[in-house]
Amino acid sequence: MRIPLSALIGMVLTGAFVLAAVFAPWIAPYPIDAAVGKVWEGPSSQYWLGTDTIGRDILSRLIYGGSVTIFVALVSSLLSFGMGAFFGFLAATRGGWMDTGLSRLVDLMMAVPSLIVALVVLSVLPLNLTVLILVMGVLDSTRVFRLSRAVAADIAVMDYVEAAKLRGEGQGWIIFREILPNAMSPLVAEFGMRFIFAVLFISTLSFLGLGIQPPLSDWGGMVRENKDGLVYGKAAALMPALAIAVLAISVNLVADWILQRTSSLKGGRGG
Amino acid sequence: MHPLIKLVVQRIALGLLLLLAVSVVIFLGVEMLPGDTAQAILGQSATPEALANLRESLGLNQSAATRYFTWLGHAVQGDLGKALTNQQDISHAIGQRLGNTLFLALCAGVIAVPLAIALGLIAARYNGRWPDKLISGVTLATISLPEFVAAYFVIFLLTQVIPILQPVSMVFPGMGFFAKLHAVALPVIVLVMVVLAHMMRMTRAAILNVMQSAYIETAELKGLSPMQVIWRHALPNAVAPIISVVVINLAYLVVGVVVVEVVFSYNALGQYLVDHVAKRDLPVVQAVGIIFAAVYIGLNILADLIGTIANPRLRHPK
């Protein structure tokens, strides 16, 4: 199997980000909250990416912040995925009022942009990690629902599903043993897209001051902390911005490749 | 009745119904969430008397349904209530800011739409060659950036590296039209970047889809130049999907505008919303949320209608 260069670059970069996030306390050269240098120092051999608005090492904060961003995005995309896929498959296999009810509910949720819904909800709920993950996960599960319902509806009319029904298998067997394995490949590619979306979403919320709250900080929050320096030509805010961009693009490259691979597989089978 | 008029009326009625449902969700959904509104506003250290007073003034002692219908009754008459934090009239505050938001979105739309279609046509014309690869590559990169990240790169580039613009967009009443245009230049550039990519890619895809038809081959064989084939034969047949993707992206501008306004401290609706979420001023958040939802739903229905009207097969159903 040949892996194209773009996907390889994407995998290496994504892997590096994940490793840095997992081993943050061992990799980061300085503690997260220690003011070690002067305010807004430029990059030097001592502080590779310079220092921030109160003299903390940006590289260290970037590494710690990355673990928060990646953790929140990963958990919320897993949640949206689990919920979306389960209800999507349920709607496709059950049909009838279950399908109609769930689909109309999703239509309603998708009639308003997620960011606006999130802002309305977060104006009432306390801002903590659990709430953020739940809100993001539930809002994003609507997209997974639509995709998995469409994929499962195609599979549910296959002969082998009919065969399983005729030999008396239950709902659980049909969903998990017949449909899920055959719907896996488009869903895996979609998972990459959902993960990116979650990274962008949590970063945007934190940037607006409505996401991760101090003392924790993530990349979006770091952009917010350092944005005033830009006017004086201090590039500190661009470092976390760059990290968000590079992570998003590298996961995108991998997801793109998986999507292409699975669609060419399908082409191979049909032709 | 002409089936077209019937269709338009049906879609608009459906849109109003959807908006009503959304208002129920925004109003009552918030009620069902765990947590006490009065407690959330006043914080953990509030005294029981202060909590009771606030509940009384918010009408929290009445049932949720009563409050919803009272609120709805006032809202359709243009009265959105008063802000909790400063007792300001919400309708008045929104009226002042709505114009600024629409001005920003309109400027971005006027630039982004023709540019996206032109780039899409060029990419389709040179499909698979370097202009296509260049345009597709650059737009793929911008599509995976959140608005605020794109915004800070643009700010750094155009105020520090090449200092030609101001990083803050101040607009005030009585400002001249051109002064206003100059003030919104940076946020408009960012918004154009954010919506351009998707519109351009869909235009390209729609044109390439049509290019496989038999009549395109005929046009090529009778000796038309490639640009003429696209302009005279492919574009008119791809116009329905292009228009609907354009309108859907204009709806997306509504969301982008919220973040971009905060980045540039641009005094408009999005900034107003975010400020009041942080202050936990629920009536303001609900009112602005409904307005954003209404614009979004309206544009989506418009996209749907234009898509139907532009397609003769859907216009004259068998």
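The values are calculated or read from the model by the stated rules, or taken from the named source; none is laboratory data. Just so it is clear, the structure is predicted and the values come from calculations on it, not from any experiment. No Cβ is skipped: glycine too gets one built from the backbone with ideal geometry, and neighbour counts run over all protein chains shown.
Residue-wise test of (1) among the aliphatic types (A, V, I, L, M); (2) modelled with pLDDT of 85 or more; (3) part of a helix (DSSP H, G or I); (4) surrounded by 14 or more Cβ atoms within 10 Å (Cβ to Cβ).
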| site | (1), (2), (3), (4) |
| --- | --- |
| A:VAL144 | yes, yes, yes, yes |
| A:ALA152 | yes, yes, yes, yes |
| A:ALA163 | yes, yes, yes, no |
| A:ARG177 | no, yes, yes, no |
| A:ASN182 | no, no, yes, yes |
| A:PHE191 | no, yes, yes, yes |
| A:PHE197 | no, yes, yes, yes |
| A:ILE202 | yes, yes, yes, yes |
| A:ILE212 | yes, yes, no, yes |
Regarding region B:115-135, can at least one residue be identified that is touching a residue at least 12 places away in the same chain (Cβ under 8 Å), surrounded by fewer than 21 Cβ atoms within 10 Å (Cβ to Cβ) and closer than 20 Å to B:TYR266 by Cβ? no
Answer with yes or no whether B:VAL260 is in contact with a Pro (Cβ under 8 Å, 6 or more places away or on another chain), more than 10 Å from every other protein chain (Cβ to nearest Cβ), under 29 Å from B:GLY99 (Cβ atoms) and among the β-branched types (Val, Ile, Thr). yes
Exactly one of B:VAL239, B:VAL245 is more than 14 Å from chain A (Cβ to nearest Cβ), part of a helix (DSSP H, G or I), farther than 30 Å from B:GLY289 by Cβ and within 23 Å of the chain's Cα centre (by Cα), and that residue is B:VAL239
Would you please list the contacts, defined by Cβ atoms under 6 Å and residues six or more apart or on different chains, that run from a residue in region A:117-135 that is under 19 Å from A:THR69 (Cα atoms) and facing chain B (nearest Cβ under 10 Å) to a residue that is polar (S, T, N, Q) and in a loop (DSSP other than H, G, I, E, B)? A:LEU127/A:GLN213
Would you point out which residue out of B:ALA293, B:ALA287, B:ALA310 is touching a helix residue (DSSP H, G or I) at 6+ places or on another chain (Cβ under 6 Å), buried (at least 19 other Cβ atoms within 10 Å of the Cβ), at pLDDT below 90 and more than 10 Å from every other protein chain (Cβ to nearest Cβ)? B:ALA287
Counted residues in region B:1-50 being among the polar types (S, T, N, Q), at pLDDT 85 or above and over 22 Å from the mean Cα position of the chain (by Cα) come to 1
Restricting attention to region A:167-198, the residues that are under 29 Å from A:SER114 (Cα atoms) and polar (S, T, N, Q) number exactly 1
Selected residue [under 28 Å from A:VAL251 (Cα atoms), assigned to a helix (DSSP H, G or I), modelled with pLDDT of 80 or more and touching a Gly at 6+ places or on another chain (Cβ under 7 Å)] from B:LEU157, B:LEU191, B:LEU119: B:LEU191
Check on A:ARG56, charged (D, E, K, R), within 23 Å of A:THR204 (Cα to Cα) and without any contact (Cβ under 8 Å) to a residue 40 or more places away in the chain: yes
